[in-house]
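To start, the structure itself, in structure tokens.
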Amino acid sequence: MPEFKTSPGTRDILAPHSARWRAFQEVFARTVEAAGYSYIIPPMFEDLDVFLRLGEATEVVTKEMYDFHDKGGRHVALRPEQTASVCRAFVEHRPTTPWKVWYSGPNFRYEKPQQGRYRQFDQVGVEALGADDPLLDAEVIALAAKFYADLGLRKVHLSINTLGDEGDREKYSQQLSRYLTTNEKSLTSESRATLERNPLRVLDSKREPDQKVIAGAPAIRDSISATANEHFEAVLQSLDALNIKYEINNRLVRGLDYYRRTTFEFTSTALEAAHTAIGGGGRYDGLVEALGGPATPGIGFALGLDRTLLACDAEQVFDAPQTAVDVFVVDTVNGRHAQELCHLLRSNGVRADRAYDLRSMKAQMKSADRSGAQIALIIGSEEVEKATIMLRPMGSGEQYSIARKDLLGEVRKALDTK
RNA sequence: GUGGGCGUAGCUCAGUUGGUUAGAGCGCCAGGUUGUGGUCCUGGAGGCCGGGGGUUCGAGACCCCUCGUCCACCCCA
């Protein structure tokens, strides 16, 4: 057993999986940049207070933060998500609105790891700040849906809800609290504890006894303001116009307390177990203000790479891309011919690799096979004498001699006909 | 954070009621083929049986602790 292993909830991502990750990020970049979102790279840690603004009832903040004091005595934390950082960046730089950005990178939450749940986990996402327009809500949701489709996913389910405005949320929270308190005896002890902290979160409970109580709970849509309701209607209408299928789920509250109005979640129906949630987001119209900026509306979403890729596995789509070289050079003379040929080929845009330590031809051919190269170039003493190279298209069982000076042309020709 | 399953070779896993030098397949290396891979054959390397303690004449198997991992809850991506 090795002395050192990765920390719990972290892991190395090796080929071919790593190539898939990169491709994933590239597809995302293409999708959102085509909609006018620019790339932002926020720092991985910030002043702890930035994240505390996410809400005192948010478990991500209260229980799962990776925080520490740095050598200068600052109390900092690894980011648990990126929305807060983006809003902080907005306040710090005051870009013109609407400010539409996308990001990609790791976040950190101190949780008990499971499949699809890591302490360091990657998300991609977008945030759009400075516009109230319900059409923007629909655009953001449509963008996420398009991205899933671009990956090839079909079994993605969209749930949507509105939490009303700040006052509505509070009003509903009290109303719900009254209802739940009345029925407290029927709730599980866990939910009774949750009820103390944040009544809205009780709606998330999947426990049987709670489900019965929740089924009879008042719905938030009945207690939101006319303007918030109007906003929600407009979002739905726009989604209909874009032909995006959704299900209104008035129990959907989500774990981050900053959400106002529109909130949504994508689940994969191809996945089972606890990690079906592959992405989500919503409006957070009070967050910029909470971070000391001017009242600025905002909306965004984040998708988990791991879970989305698990969904891809389940649907057997979005395979890892091939990263093979084009050519493998076998040199049984001294290795220097391979060195020079590789250099020449690479300089001319041909992907080339070789073996080292002057191993036997058999061993080098085996490496050539494993490399996935389409052709092997073989150089032995005979070739060196005649200034030729043996060109062997892999898989054909045939090979032919070419003049060394014709290398580039012959290689290109052989690659083309493949 | 709570509860449960599982930790044996690089990987996937066997390992009888505790009994001598711990196995297989795949992968890796070498040879069969002194210039040729993908098939086949032969051989080889590679394990403090997750770690620590205990029971026993004897532990990979049993007990305790610990760490890791997986599953459920919780939370969420």
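Quick one: in the stretch A:181-195, of everything that is within 12 Å of RNA strand B (Cβ to nearest atom) and closer than 18 Å to A:R169 by Cα, which residue is farthest from the chain's Cα centre (by Cα)? The residue in question is A:L195. The single condition among (1) in a loop (DSSP other than H, G, I, E, B); (2) without any contact (Cβ under 8 Å) to a residue 40 or more places away in the chain; (3) not hydrophobic (A, V, I, L, M, F, W, C) that A:D319 does not satisfy is (2).
In the stretch A:310-357, which residue that is among the small types (G, A, S) and more than 30 Å from A:K405 (Cα to Cα) is surrounded by the most Cβ atoms within 10 Å (Cβ to Cβ)? It comes out as A:A311.
Would you point out the residue of the stretch A:353-395, among those that are under 41 Å from the mean Cα position of the chain (by Cα), within 6 Å of RNA strand B (Cβ to nearest atom) and not charged (D, E, K, R), that is modelled with the lowest pLDDT? Filtering the stretch A:353-395 for residues that are under 41 Å from the mean Cα position of the chain (by Cα), within 6 Å of RNA strand B (Cβ to nearest atom) and not charged (D, E, K, R), the one modelled with the lowest pLDDT comes out as A:G395.
For every residue, the table says whether it meets (1) more than 12 Å from RNA strand B (Cβ to nearest atom); (2) over 21 Å from the mean Cα position of the chain (by Cα); (3) at pLDDT 90 or above.
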{"site": "A:A270", "(1), (2), (3)": "yes, no, no"}
{"site": "A:A273", "(1), (2), (3)": "no, no, no"}
{"site": "A:G280", "(1), (2), (3)": "no, no, yes"}
{"site": "A:E289", "(1), (2), (3)": "yes, yes, yes"}
{"site": "A:T296", "(1), (2), (3)": "yes, yes, yes"}
{"site": "A:G300", "(1), (2), (3)": "no, no, yes"}
{"site": "A:L303", "(1), (2), (3)": "no, no, yes"}
{"site": "A:C312", "(1), (2), (3)": "yes, no, yes"}
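Looking at A:V126, A:V140, can you tell me which residue is under 14 Å from the mean Cα position of the chain (by Cα), touching a residue at least 12 places away in the same chain (Cβ under 8 Å) and closer than 25 Å to A:V60 by Cα? Answer to the check: A:V126.
Return the total of residues in the stretch A:214-247 being out of contact with any Ser or Thr (no Cβ under 8 Å at 6 or more places or on another chain) and not hydroxyl-bearing (S, T, Y).
Total satisfying the criteria: 19.
Check off (1) exposed (fewer than 14 other Cβ atoms within 10 Å of the Cβ); (2) within 9 Å of RNA strand B (Cβ to nearest atom) for A:K413 and give me the number that stays unchecked. Failed condition: (2).
Looking only at the stretch A:68-79, which residues are buried (at least 18 other Cβ atoms within 10 Å of the Cβ) and touching a Leu at 6+ places or on another chain (Cβ under 8 Å)? Of everything in the stretch A:68-79, those that are buried (at least 18 other Cβ atoms within 10 Å of the Cβ) and touching a Leu at 6+ places or on another chain (Cβ under 8 Å) turn out to be A:V76, A:A77.
The condition of being away from RNA strand B (no atom under 15 Å from the Cβ), in a loop (DSSP other than H, G, I, E, B) and under 29 Å from A:P294 (Cα atoms) does not hold for A:A77. The number of residues in the stretch A:333-373 being in contact with a strand residue (DSSP E or B) (Cβ under 7 Å, 6 or more places away or on another chain), of a type outside the set (A, V, I, L, M, F, W, C) and touching a residue at least 40 places away in the same chain (Cβ under 8 Å) comes to 2.
For beta carbons closer than 7 Å, sequence separation of 6+ or different chains, a first residue in the stretch A:6-20 that is farther than 14 Å from A:R119 by Cβ and a second that is of a type in the set (F, W, Y), the qualifying pairs are A:I13/A:W21. Restricting attention to the stretch A:42-59, does a residue exist that is among the acidic types (D, E), closer than 21 Å to A:Y118 by Cα and within 16 Å of RNA strand B (Cβ to nearest atom)? Yes, there is a match, as at least one residue in the stretch A:42-59 is among the acidic types (D, E), closer than 21 Å to A:Y118 by Cα and within 16 Å of RNA strand B (Cβ to nearest atom).
The values are calculated or read from the model by the stated rules, or taken from the named source; none is laboratory data. Because the structure is predicted, anything quoted here is derived from the model rather than measured. All Cβ positions, glycine included, derive from the backbone under ideal geometry; neighbour counts span all protein chains shown.
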